[in-house]
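The structure appears right after this line, and notes come after that.
The values are calculated or read from the model by the stated rules, or taken from the named source; none is laboratory data. Because the structure is predicted, anything quoted here is derived from the model rather than measured. Note that each Cβ is placed from the backbone with ideal geometry, even for glycine, and that neighbours are counted across all protein chains shown. Each accessible area value is taken on the protein alone, full model and side chains, heavy atoms only, with ligands, DNA and RNA left out. Shrake-Rupley method; radii C 1.70, N 1.55, O 1.52, S 1.80 Å.
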Number of protein chains: 2
Amino acid sequence: MKKVQNILNENNIKPTFERLSILQYLESGTNHPTAGMIYEAMRKKIPTISKTTVYNTLKILKSHDIIHSISVPDGETHYDVNTQVHYHFYCTECHKIYNLELDCPQLENKLIEGHKINNFHGYFTGICKKCLKKNNN
Amino acid sequence: MKKVQNILNENNIKPTFERLSILQYLESGTNHPTAGMIYEAMRKKIPTISKTTVYNTLKILKSHDIIHSISVPDGETHYDVNTQVHYHFYCTECHKIYNLELDCPQLENKLIEGHKINNFHGYFTGICKKCLKKNNN
DNA sequence: GTGGCTGCAAATCATTTGCATATAC
DNA sequence: GTATATGCAAATGATTTGCAGCCAC
């Protein structure tokens, strides 16, 4: 908890219980939750929390570059605390998102074909190994 | 028009006027339209067309791998007929999507870390060259 | 006439917004 | 007390669904 406390302090974000809990939750896992998933997880700990607070918190964390949002083809925005650029794999069957170890385009040179680059996100889609096994392929 | 006619025939998709027009529209440009943009463009040609037909057509084209959907952080699904894997650049200011010439991960080896790969999409985000100029940066 | 398209309207679902209350310093 | 955070409810906007009419073969 110390760590997330510090992250918020360093960014001049008031460390409320809700914000600490949400960031803690994001830091503790390697899943890439949606706002809805975060809301459901938080409710177990803070039954009175509202979706508004979840969205507000995600917005402020994102604006300070503490988290990134990733877009995959399921209509929901997912969030990731791993701010290092890396590829994802999105399973079209179970909708889980995995991190991949592949080398990524470097953003050092922040200009590509005249455009100023801020960020990169790459994802593969397909069937994950668990679903492959389940379907005994 | 011949070309899109053939594409639909080869895939056993009944080549209705609406479907031909939508696919023609997608084939003719390098923009990466959303369903809404396609609907608006179609209305000029077919004033009676409905959004349902646009969505239905996109769904059937996608299921035959004639088009791909791409997800960028604007909450709308964009569509792309360029089925060759390539990177995109998404401008967070004007929301335009550009194609990039960079080399992409090859999908030949269709297994990565145990997952079966069907597709790849990578996008950079930032400020495009037009918006940079407009802001005279 | 039967199956498959089309199109309207309503439903759904993620996200945003307005506002009123609560909390912290 | 004032600013800021929270939370409810309503609004928005993309997409989906149910259903009725229509068209082609």
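Quick rundown of the values:
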quantity	calculated
Charge-dipole axis of chain A as Lys and Arg at +1 and Asp and Glu at -1 on Cβ define it, positive-most pick from A:N119, A:L23, A:F89	A:L23
Exercise: per-residue mean of other protein chain Cβ atoms within 10 Å, A:71-78	4
Cβ-vector label at 7 Å, A:P15, separations to other copies in nm	6.7
Exam field: B:K62 pseudo-label spacings to other copies (7 Å along Cα-Cβ), nanometres	2.0
J(HN,Hα) series, the stretch A:77-89, from Karplus relation 6.51 cos²θ - 1.76 cosθ + 1.60, nearest Hz, glycine and proline x	8, 9, 10, 9, 7, 6, 8, 6, 5, 7, 7, 10, 10
Peptide B:14-24, shielding by other chains (average Cβ, 10 Å cutoff)	0
Positive minus negative residues near B:I60 (Lys, Arg vs Asp, Glu; Cβ under 12 Å)	+2
Rounded to whole Hz, the Karplus (6.51, -1.76, 1.60) HN-Hα couplings of the stretch B:21-35, x for glycine and proline	5, 5, 5, 4, 4, 5, 5, 7, x, 10, 6, 10, x, 8, 4
Label spacing, shortest first and in nm, from A:N99 to its equivalents in the remaining copies (7 angstrom along Cα→Cβ)	3.4
Distance from the stretch B:1-80 to the stretch A:64-116 (C-alpha centre basis), Å	27 Å
Amide hydrogen neighbours beyond the local backbone of B:H32, cut-off 5 Å, H modeled	B:I97
Solvent-accessible area of B:E18 with every protein chain in place, 1.4 Å probe, in Å² to the nearest 10	60 Å²
Selected from B:I127, B:I70, B:I22 as most flexible by GNM, with chain B as the system and alpha-carbon contacts under 10 Å	B:I127
Computed over chain A: relative contact order in percent, which uses C-alpha pairs under 8 Å that are six or more apart	18 percent
Alpha-carbon spread of the stretch B:84-136, three principal axes, descending order, Å	47, 17, 14
Hits among lysines - C-alpha to C-alpha of B:K130 under 25 Å, sequence gap 8 or more where chains match	A:K110, A:K116, B:K96
Under 5 Å, built H, 5+ apart or other chain: amide partners of B:L102	B:Y87
Cβ neighbours within 10 Å from other chains - mean over A:82-91	2
Where only alpha carbons of the stretch A:2-71 are counted, the Rg and the Dmax (Å)	11.2, 30
Residue with peak Gaussian network fluctuation, chain A [Cα springs, cutoff 10 Å], from A:L107, A:L61, A:L23	A:L107
Table column - 3J(HN,Hα) (Hz), the stretch B:39-53, Karplus curve with 6.51, -1.76, 1.60, x for Gly and Pro	4, 5, 5, 5, 4, 5, 9, 10, x, 8, 5, 10, 4, 3, 5
Directionally averaged shadow of the protein assembly as shown, computed from the convex hull of its alpha-carbon atoms, nm²	18.2 nm²
Rg [Å, one decimal], Dmax [Å, integer] - the stretch A:7-126, C-alpha atoms	15.4, 49
GNM flexibility winner over chain B from B:N31, B:N118, B:N56 (Cα, springs under 10 Å)	B:N118
